[in-house]
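Notes follow the structure.
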Amino acid sequence: MRFGYEPFKTHSESDYLLKKPNRHQRVKKWVKVTLLLLIIIWIGSVGILARSLLNRAERLQQMAADPARLNLTVVAGEVHGARQEFIILRGELAPLLWLGAHLGGDPGAAGPLMEAGVESLVAADESLSALTPSLGGLGLSSFSMEQMPQILDALAAARPALARAQTHLDAAAVALLRIEGPLSPRVEGWVSKASQFVQLAQHGIGGAQIAPGLLGQDDSRTYLVLIQNSDEIRPTGGFISAVGRVEINHGQLISVTVQDSYAIDDFTKEYPYPPQQLLDYMGSEQWIFRDANWSPDFPTTALDAIHLYQISQPGQVDGVIGVNLKGIEMLIAGLEPLDVTGLPEPVTSANISQVLRETWNPSGDIGSSADWWSWYSTRKQFIGVAMRAAMDKLLAGKANWTQLGLGTVDALNQRQLMIYTSLEADMLRQLRWDGALRPSVGDYLMVVDANVGFSKANPLVSESLNYQVTLLPDGTGRAVVGLNYAHQGTRTDIVCTQIVPYDANVTYDKLTQGCYFDYLRLVVPRGSQLREATAHPVLAKYLLSGMAADGKTETLQDDPPGWTMFGQFFVVEYGKQLLTRFEYDLPVVVTDAAGQKRYVLLLQKQSGTDAMPVKVKLTLPAGARLVSVSPSPTVQSGAVLEFDLRLDVDRQIEVVYALAP
């Protein structure tokens, strides 16, 4: 019988040991708790840093969207804080970044993106710290050209800091190049945006370094401005329709004159022999100023233009600026609406090209030779009037400076605006603002068209490029270029003739309604050997000379160092298409890269052209294993990679592969 009493029980030693608290387990438990707390604290600190950085980014975006709030001192403070926080954040994330580097793909992109972010912020902080003492109170809303001397002096003083900033931005660009695929579309978009930002920053810092020299901070500068009509395409953007002569001293505009290109030459002087194609297909017996831009390399064209200009117009010329209709549209966007004397409506980026065409037309009937000459000598007068109106708006400080800056950078990137001076040549080449042919370590292709038909036919002609490359095990290759020209004219009464007479009934539109007489050059790697090409014979009745042309392709002997050129003359008849094809052997275009093979194709854009559609088909050597490719191909099937591109800017394809053992 029990009365709630349990008799005393003895326990064995083993039972005691089982129930005795384990010191090791207690330590382990506290370690887990401590680690958990540290992780929570770490996540919290990362979150706080990330939120602070996002808040700073939002404030900077708000100031950028409202120029009245864009104060350099405030911006400098935000950037300096962001630099410090971003460096701390990178340190906090170091273990994860290390792990991501070993995983590759999307996680592997995190480290280079963080590195690019740090380098970019250091560059911005270095630049702003140097500029703020002199320009801290400057705001875009109150900016005027009268402040340019102060700005140029500050930029000149900050040049060492800007050079250091450029080095950091170059490091950011290199970091982004280390990112290898495959990447998800989202991460690939981040990388693309980061690359665009770094490139824009490089252009900004680079431009800031050369601005004092370009704008005459130490001494006055005189520039020729080649105003090129892309309706009549020529190698560097279009026929030289007019030329401006601009003098600048310490950022202040001293003088501007604009002349019809036909009024430049003095035929009592001796002019050099023209490029052979101008003689053969246009009958030009002298090389005169308006035909100066025959070279696709703008620095070469600039020197030729200065030489031909100074035959009849002696005086100091320090550099040359080339701009075409498409570039003018981009620049006008920062000045619109632009009131121009004599026009009922303001000029905008949307109507400037049409206004230029319409003001070329006779304003009334041409009833006599005096009427004709009066029209002919003033038909381009609007160019000078519009240029002076733009200068007046700039001097009054009434431009949209943000839009003007972005438009200028876009025009430079798309080769619609080009600058050459001998003193700043190296930096201009580095920024790719000089319109030069760019050296390539591998394959290269540039399509260069020149309208030799005395017409404005290019608005009615579209062009597309198909490029096929088959690489061989020894690093050479076989290339096939196909170019399709489609004339989109719809009239039925057009007869092919090389020249449209400037008679009493002439209009600008009539000059566009004609066949397209084209001298085409393909710029390819030096040492390329032409195997075959399509011939396009031209009838004698089409040509001013009255002599037929065989339309065969020639390998040009006066090609620039580093490249080979194939040249061909043909006519795209009104409303029809023409397909021309070139097949050639490539020299060695593949380099060794850490035991692997690297193929790089640089496709360079011609100034004055639209975004030409390009298809590239690359076939790797048999048995090759693809390691990496940028950009991502549109189609990949075994050793065949296909790309669909738009040539609005220079494009590059890079492929790394390994040969079969």
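Considering only the stretch 257-281, state which residues are touching a helix residue (DSSP H, G or I) at 6+ places or on another chain (Cβ under 7 Å) and among the aromatic types (Phe, Trp, Tyr).
Answer for the stretch 257-281, where residues must be touching a helix residue (DSSP H, G or I) at 6+ places or on another chain (Cβ under 7 Å) and among the aromatic types (Phe, Trp, Tyr): Tyr262, Tyr271.
Condition check: surrounded by 15 or more Cβ atoms within 10 Å (Cβ to Cβ), more than 30 Å from Thr492 (Cα to Cα), in contact (Cβ under 8 Å) with a residue 40 or more places away in the chain and not β-branched (Val, Ile, Thr). Does Leu578 satisfy that?
Criteria not met by Leu578.
Give the residue, chosen from Leu303, Leu279, that is within 26 Å of the chain's Cα centre (by Cα) and surrounded by fewer than 17 Cβ atoms within 10 Å (Cβ to Cβ).
Unique residue meeting the criteria: Leu303.
Give Val649, Val588 a once-over and let me know the one that is at pLDDT 95 or above, assigned to a loop (DSSP other than H, G, I, E, B), aliphatic (A, V, I, L, M) and in contact with a Ser or Thr (Cβ under 9 Å, 6 or more places away or on another chain).
Checking each option against the conditions leaves just Val588.
Can you say whether Arg478 is in a strand (DSSP E or B) and within 28 Å of the chain's Cα centre (by Cα), as far as the supplied structure shows?
Criteria not met by Arg478.
Out of everything in the stretch 275-307 that is β-branched (Val, Ile, Thr) and assigned to a helix (DSSP H, G or I), what residue ends up being nearest to Ser230 (Cα to Cα)?
Among those residues, the one meeting the criterion is Thr301.
Residue check, Leu343 against (1) part of a loop (DSSP other than H, G, I, E, B); (2) within 25 Å of the chain's Cα centre (by Cα), all met but one. Which one?
(2)
When the residues of the stretch 507-562 are narrowed to those that are among the β-branched types (Val, Ile, Thr) and free of Cβ contacts under 8 Å to residues at least 60 places away in the same chain, which ends up farthest from Glu573 (Cα to Cα)?
Restricting to residues being among the β-branched types (Val, Ile, Thr) and free of Cβ contacts under 8 Å to residues at least 60 places away in the same chain, the top hit is Thr555.
A quick yes/no check of all residues on (1) under 30 Å from Gly364 (Cβ atoms); (2) β-branched (Val, Ile, Thr); (3) not assigned by TED's automatic domain parsing to the domain that holds Arg581:
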{"residue": "Cys496", "(1), (2), (3)": "no, no, no"}
{"residue": "Asn505", "(1), (2), (3)": "yes, no, no"}
{"residue": "Tyr508", "(1), (2), (3)": "yes, no, no"}
{"residue": "Leu511", "(1), (2), (3)": "yes, no, no"}
{"residue": "Tyr519", "(1), (2), (3)": "no, no, no"}
{"residue": "Gly527", "(1), (2), (3)": "no, no, no"}
{"residue": "Thr534", "(1), (2), (3)": "no, yes, no"}
{"residue": "Lys541", "(1), (2), (3)": "no, no, no"}
{"residue": "Met547", "(1), (2), (3)": "no, no, no"}
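Could you list all residues from the stretch 162-190 that are surrounded by 19 or more Cβ atoms within 10 Å (Cβ to Cβ) and in a helix (DSSP H, G or I)?
Residues satisfying the conditions are Leu162, Ala165, Gln166, His168, Leu169, Ala172, Ala175, Leu176, Val187.
Looking at (1) under 16 Å from Gly608 (Cα atoms); (2) touching a strand residue (DSSP E or B) at 6+ places or on another chain (Cβ under 7 Å), find the lone condition where Val355 falls short.
(1)
Report yes if some residue within the stretch 503-520 is farther than 22 Å from Phe454 by Cβ and part of a loop (DSSP other than H, G, I, E, B); otherwise report no.
Among the residues of the stretch 503-520, not one is farther than 22 Å from Phe454 by Cβ and part of a loop (DSSP other than H, G, I, E, B), which makes the answer no.
Being among the polar types (S, T, N, Q) and assigned to a loop (DSSP other than H, G, I, E, B) is the filter; apply it to the stretch 310-324 and report the residue that is nearest to the chain's Cα centre (by Cα).
Per the criteria, the residue is Gln316.
Applying the selection to the stretch 188-210, what residues are hydrophobic (A, V, I, L, M, F, W, C) and within 19 Å of the chain's Cα centre (by Cα)?
Of everything in the stretch 188-210, those that are hydrophobic (A, V, I, L, M, F, W, C) and within 19 Å of the chain's Cα centre (by Cα) turn out to be Val191, Ala194, Phe197, Val198, Leu200, Ala201, Ile205, Ala208, Ile210.
Tally the residues that are closer than 23 Å to Val198 by Cα and exposed (fewer than 15 other Cβ atoms within 10 Å of the Cβ), restricting the search to the stretch 95-112.
Within the stretch 95-112, residues that are closer than 23 Å to Val198 by Cα and exposed (fewer than 15 other Cβ atoms within 10 Å of the Cβ) number 2.
Per-residue answers, yes or no, for (1) touching a Phe, Trp or Tyr at 6+ places or on another chain (Cβ under 9 Å); (2) farther than 30 Å from Thr609 by Cβ; (3) not hydrophobic (A, V, I, L, M, F, W, C):
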residue	(1), (2), (3)
Leu335	no, no, no
Thr341	no, yes, yes
Ile366	yes, yes, no
Tyr376	yes, no, yes
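Go through Leu641, Leu626 for me and flag whichever is at pLDDT 95 or above and either part of a loop (DSSP other than H, G, I, E, B) or of a type in the set (A, V, I, L, M) (or both).
Leu641
I'm checking my understanding of the structure. Among residues of the stretch 521-546 that are of a type in the set (Lys, Arg) and under 27 Å from Ser284 (Cβ atoms), which one is farthest from the chain's Cα centre (by Cα)?
So, considering only residues that are of a type in the set (Lys, Arg) and under 27 Å from Ser284 (Cβ atoms), the one farthest from the chain's Cα centre (by Cα) is Lys541.
Among the listed residues Ile366, Ile383, which satisfies the condition of being more than 22 Å from Gln606 (Cβ to Cβ), buried (at least 20 other Cβ atoms within 10 Å of the Cβ) and either in contact (Cβ under 8 Å) with a residue 40 or more places away in the chain or not assigned by TED's automatic domain parsing to the domain that holds Asn466 (or both)?
Ile383
Could you grab me the full set of residues in the stretch 555-595 that are farther than 21 Å from Asn484 by Cβ and over 30 Å from the mean Cα position of the chain (by Cα)?
Within the stretch 555-595, Ala594, Gly595 meet the criteria.
Across the stretch 408-443, which residue is nearest to Arg598 (Cα to Cα) among those that are outside any loop (DSSP other than H, G, I, E, B) and charged (D, E, K, R)?
Applying the filter and picking the extreme gives Asp443.
From Asn351, Asn293, which residue is within 30 Å of Pro561 (Cα to Cα), assigned by TED's automatic domain parsing to the domain that holds Leu406 and either under 31 Å from the mean Cα position of the chain (by Cα) or among the aromatic types (Phe, Trp, Tyr) (or both)?
Exactly one of Asn351, Asn293 is within 30 Å of Pro561 (Cα to Cα), assigned by TED's automatic domain parsing to the domain that holds Leu406 and either under 31 Å from the mean Cα position of the chain (by Cα) or among the aromatic types (Phe, Trp, Tyr) (or both), namely Asn293.
The values are calculated or read from the model by the stated rules, or taken from the named source; none is laboratory data. All of these numbers come straight from a predicted model, not from anything done at the bench. Reconstructed Cβ throughout: ideal geometry from the backbone, glycine too, with neighbour counts over all protein chains shown.
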